[in-house]
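What follows is calculated from the coordinates using simple rules that are stated; it is not laboratory data. Fair warning: this is a prediction, and the values are worked out from it, not measured in the lab. Counting neighbours? That spans all protein chains shown, and the Cβs are built from the backbone with ideal geometry, glycine included.
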Amino acid sequence: MSLRAWLCMAFILFAVIVSALLWVLEIVLLQGFYYTSKIKETQKIAASIVNQYGSDNFDQFLTSVSVSNQVCIEVLDEQGRVRYERDVMNDKCLLHGPHNYLNALMIKLQTNGDGMVSFSSYDEHLGLETLVLGVTLYKGQEVQGYLFLNTVLEPVGSAVNILKELLIMVTVLLLVIGVLIAVYLSDWLSVPIVRLTRSARRLAHGDFNTRFVGGSYREVDDLARSLTYAEQQLSRVDSMQRDLIANVSHDLRTPLTMLKAYAEMIRDLSGDNPVKRNAHLQVIIDETDRLTMLVNDILDLSKLENGSIKPEMQTFDITARMQDIIARYKGVSEKMGYHIHFQPDEPMQVTCDPAQIERVICNLINNAINYTGEDKNVYVRQLNTPEGVRIEVQDTGHGIEEDKIQKIFDKYYRSENHKREVVGTGLGLSIVKAILKMHEFHYGVSSKIGEGSVFWFLIRNSSGSS
Ligand code: ADP
């Protein structure tokens, strides 16, 4: 069942319950309620008269009470003689006129222990119901007199009929208003939900530009925010997946072709020639290493670019860290004739992800080693500046042409003139760029043809800006 149907049902039920309550209260209980309140009111009048009894303006008080409440009053002394009387009901009164039940009432009051008598009586002749109330007047313990009140109890029949008509109108009105409110409310509640459902369907069909608009109330705003978040995550995963598929299919093809070709060569040609076979096997091993490196780089770059990896910030001494890194290079690179010169500045604490920044430095040093000149020198510098620590990696190689500088940080860019023996995936600088962007660190390169290049980045002070 739809939200609108549920709400309509709820409001109709509410209207029916309210109407039923009104009918019961107004029609069934009206008579009893009227009688009870009339008795209470008459008792109050009696109490006020008892209070005023004996005061100077008692006479005047009786007249005003009698007229304003349309009640006949009879005050007798202890002998039963009439002391005061007010007649506003003429012959309808049970105390005066033809009925005059005064004596009978007085006897009843005297025999009644609690000094009070009250009853209603219906006079068929007059077609009227009246209420009689009598109380004994005391002075201390002694009986001082008697007070009797008589008032008409109006018939409630005609009032009930009028009320019935009114109640029919009220019931119809309640139902109509209930349905109108239900329709309005259900629209108000359901329109944003329907809108979000439509957007969610579009998202399910792969439209990651769907906008999730909230509505007039908080819950639907929360839902819109959650769906937007889910969309961002899905889109991230989706683009990562697309990227991966594209990159993997593009970049794995070449090494795989090589692997297959050399494996076939071993099978068909060099299998029996140990020298050639070993040479071919070495190519297979090198290509496999390259493949592993490539797959790792592809995965890492995808994760970095999609925000799956977040920097784990730590404060550490960058000078000590760089000394460690250079020390690790020394053994391997110096065997191959490379000289890595580290020029540190004063020891400095920096705040960033140490593992990722180490990767940046290593990638830059790897490139410098790969592309440096005949002198095989690489210079690594730490420069403390007011903005932060600037790290520079300089080589003495061929340098990079002006028009290529823009491209070297792009994915899979490898300049055509790089040496074939230089092992690389074309992803090293893209990973550097992704890490530095994630840290919001500035970076750059300056290069002169024939002189070499300087790659640099700035580890921004945590309080300052780079
Ligand atoms: P890879 O080094 O694996 O080819 P990179 O992303 O690290 O991939 O570098 C992209 C390209 O930028 C390299 O192929 C090279 O042409 C150029 N490059 C990077 N570093 C240097 C450097 N120090 N000197 C000259 N060219 C460089």
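A dipole drawn for the chain from +1 and -1 charges on Cβ atoms has a positive end, and of Trp6, His125, Leu252 the residue lying farthest that way is Leu252.
Quick one: net charge of Gly127's neighbours, Cβ under 14 Å, K/R +1, D/E -1?
Value of the local net charge: -4.
Using 1/(1 + (r/R0)^6) with R0 = 56 angstrom and r between the beta carbons of Leu21 and Gln79, what's the FRET efficiency to the nearest 0.05? According to the calculation, E is roughly 0.55. If R0 is taken as 30 Å, the Cβ-Cβ distance between Ser239 and Asp289 corresponds to a FRET efficiency of 0.55.
With the charge dipole of the chain set up from +1 on Lys and Arg Cβ and -1 on Asp and Glu Cβ about the Cα centre, the Cα lying farthest toward the positive end among the listed residues Gln282, Val24, Phe212 is that of Gln282.
Between helix 218-251 and the chain, what is the angle of the helix's C-alpha long axis to the longest principal axis, kept within 0 to 90° and rounded to the nearest 10? That helix lies at roughly 20 degrees to the long axis. Taken about its Cα centre, the chain carries a charge dipole of roughly 1420 debye when the Cβ of each Lys and Arg holds +1 and the Cβ of each Asp and Glu holds -1.
For region 218-306, the relative contact order works out to 38 percent when only alpha carbon pairs closer than 8 Å and six or more residues apart are counted. Kindly express, to the nearest 10 degrees and within the range 0 to 90, the angle between helix 274-305's C-alpha long axis and the longest C-alpha principal axis of the chain. With both axes taken from Cα atoms, the answer is about 30 degrees.
Quote the charge dipole size of region 218-306 about the Cα centre in Debye, to the nearest 20; the model charges only the Cβ of Lys and Arg (+1) and of Asp and Glu (-1).
Once rounded to the nearest 20, the dipole reads 320 debye.
So if we plug the beta-carbon distance of Ala279 and Gln314 into 1/(1 + (r/R0)^6) with R0 = 41 Å, what FRET efficiency do we get, rounded to 0.05? The calculated FRET efficiency here is 0.30. Assuming a ≥ b ≥ c are the square roots of the Cα gyration tensor eigenvalues, decide whether region 303-443 counts as rounded (a/c under 1.5), prolate (otherwise, with a/b larger than b/c) or oblate. The shape class here is oblate. Partners of Lys303 within straight-line reach, counting lysines whose Cα lies under 25 Å from its Cα and excluding those fewer than 8 residues away in the same chain: Lys407, Lys411, Lys433, Lys437. Residue separation of Ile405 and Val332 scaled by 0.36 nm, minus their Cα-Cα distance, works out to 23.4 nm of gained length. Over the chain, DSSP H runs of length four or greater, each weighted -39,500 (n - 2.57), average out per residue to a 222 nm ellipticity of -18000 deg cm²/dmol.
Taking a ≥ b ≥ c as the square roots of the eigenvalues of the alpha-carbon gyration tensor, the chain is classed prolate because a/c is 1.5 or more and a/b outweighs b/c. Taken about its Cα centre, region 314-460 carries a charge dipole of roughly 400 debye when the Cβ of each Lys and Arg holds +1 and the Cβ of each Asp and Glu holds -1. The angle between the Cα long axis of helix 253-265 and the longest principal axis of the Cα atoms of the chain comes to about 40 degrees, rounded to the nearest 10.
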